[in-house]
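I have placed the structure first, in the form of structure tokens, so that the comments after it can refer back to it.
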Amino acid sequence: MNLNRNHELTQQAVKKKFGRKRYLRCRGKFSYPQAVEREYIRTVNRYLRPLLDGVKEYLPELGQALYTGDIRLDDNRQVLPVETVRLVEETFRKISRRYATKVLALDLQKELQKHAGHANKLTVSEWKKAIRATLGIDIFSDYYDGAFYEGLLERWIDENVGLIQTIPQQTLGRMEQIVKAGFLSGIPTKEITRQIYHTYNVSLSHARLIARDQTGKLNAQLTQKQHRDAGITLYEWSDSGDSRVRSTHKALNGRTFSYDDPPVVDPKTGRRCNPGEDYQCRCVGYPVFDYETLNLPVMLK
């Protein structure tokens, strides 16, 4: 459809709603996609669990490595015996191979595609309801299907696959160093084991933080793309209304901003962000409809 013609049709359809006003605030409801976040966290739990299982399976071999040979001095430095180093490294290679085999059953990219699709459906559903509640019109159901979000979703999926896939090998590397350093320092095997489990838990927490952070960012990107496509450049900041909201974000609640000139979210650094763009931000932007620029795929009756 011709964009200019579509703009004219939209204005005709909503003229009575605007009356003499240029701007209309949204009457719909938008929410942070908690369900998508929960799905993503469940995925990272399943993705990292085989790593812990592998470490448990090979802990006896790691224990054996700690008792192979004696520490010797080399140029006044403590070094591990060659056979001990080899045994530790081979044990971690076994864990790595075992992990790689186990996670083949969990197609990470496919899982993330599913989460992205769910987020897409939620934002489109809320967007259509908000347009209906505010402007009294319906838009084409299939307008946001296909290529509209394709590039955005593909970039998000690829980026998140990269973020999550780096965690297991980094974790195994840290665990291996814990074993070697613990042996040199004379740390008891029980303490080394405790440190290994602690390292896993830290990595799991990091993966979950990524899931929360990236869910908010995806929601923000989808929302902003919808708004800009509809000729909307202004939004009203809305926080999640709970105790987890940062004070700087709470201060923005209910205020209107432009996507091209986002507010300062960190006075110390001067960092500016739109809703959902800041680290682990669960805020959302409510559209401010502009009669002069509004352009929607309106369904004419």
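What to note about this one:
- If you run the Gaussian network model on the chain, springs between alpha carbon atoms under 10 Å, then out of Leu222, Leu184, Leu51 the most flexible one is Leu184.
- Computed packing ranks the peptides 22-34, 229-241 as 229-241, 22-34, most packed first, by mean other Cβ atoms within 10 Å.
- Among (1) -0.34, -0.54, -0.66, -1.06; (2) -0.51, -0.69, -0.77, -1.02; (3) -0.39, -0.60, -0.72, -1.10, the entry derived from the coordinates for log10 I(q)/I(0) by the Debye sum over Cα atoms at q = 0.08, 0.10, 0.11, 0.14 Å⁻¹: (2)
- Spatially proximal lysines relative to Lys268 (Cα-Cα < 18 Å; intrachain offsets below 8 disregarded): Lys250
- Exposure rank, largest accessible area first [Glu292, Glu90; 1.4 Å]: Glu292, Glu90
- Separation of alpha-carbon centers, the stretch 30-44 and the stretch 77-134, rounded to whole Å: 15
- Solvent exposure of the stretch 80-227, expressed per residue, is 48 Å² of accessible area, with all protein chains present and a 1.4 angstrom probe.
- Mean residue ellipticity, 222 nm, helices only, the chain: the sum of -39500 (n - 2.57) across DSSP H runs of n ≥ 4, divided by residue count and rounded to 500, is -21500 deg cm²/dmol.
- Cα long-axis angle, helix 189-229 against the chain (0 to 90 degrees, to the nearest 10): 20
- Degrees, to the nearest 10: 82-103 long Cα axis against longest axis of the chain: 30
- Exposure of His227 as accessible area (Å², to 10), given a probe of 1.4 Å and all protein chains: 0
- Of the solvent-accessible surface of the chain, computed with a 1.4 Å probe over protein heavy atoms with every protein chain present, carbon and sulfur atoms account for 50 percent.
- For the chain, the longest principal axis of the alpha carbon atoms and the long axis of helix 3-18 meet at an angle near 70°.
- Charge dipole (debye, nearest 20) of the chain; +1 at Cβ of Lys and Arg, -1 at Cβ of Asp and Glu: 1300
- The stretch 148-223, relative contact order [Cα under 8 Å, separation at least 6], %: 46
- Rg and Dmax, both from the Cα atoms of the stretch 201-301 and both in Å, are 15.5, 57.
- Partner lysines for Lys17 [C-alpha distance under 18 Å; skip if fewer than 8 residues away on the same chain]: Lys128, Lys129, Lys301
- Partner lysines whose Cα lies under 26 Å from the Cα of Lys56, excluding those fewer than 8 positions away in the same chain, are identified as Lys94, Lys102, Lys180, Lys190.
The values are calculated or read from the model by the stated rules, or taken from the named source; none is laboratory data. Everything numeric here is computed off the predicted structure, so don't read it as measured data. Every residue, glycine as well, gets a Cβ built from its backbone with ideal geometry; the counts of neighbours run over all protein chains shown. Please note that ligands, DNA and RNA were not included when accessible areas were found on the heavy atoms of the full protein model with its side chains. Shrake-Rupley method; radii C 1.70, N 1.55, O 1.52, S 1.80 Å.
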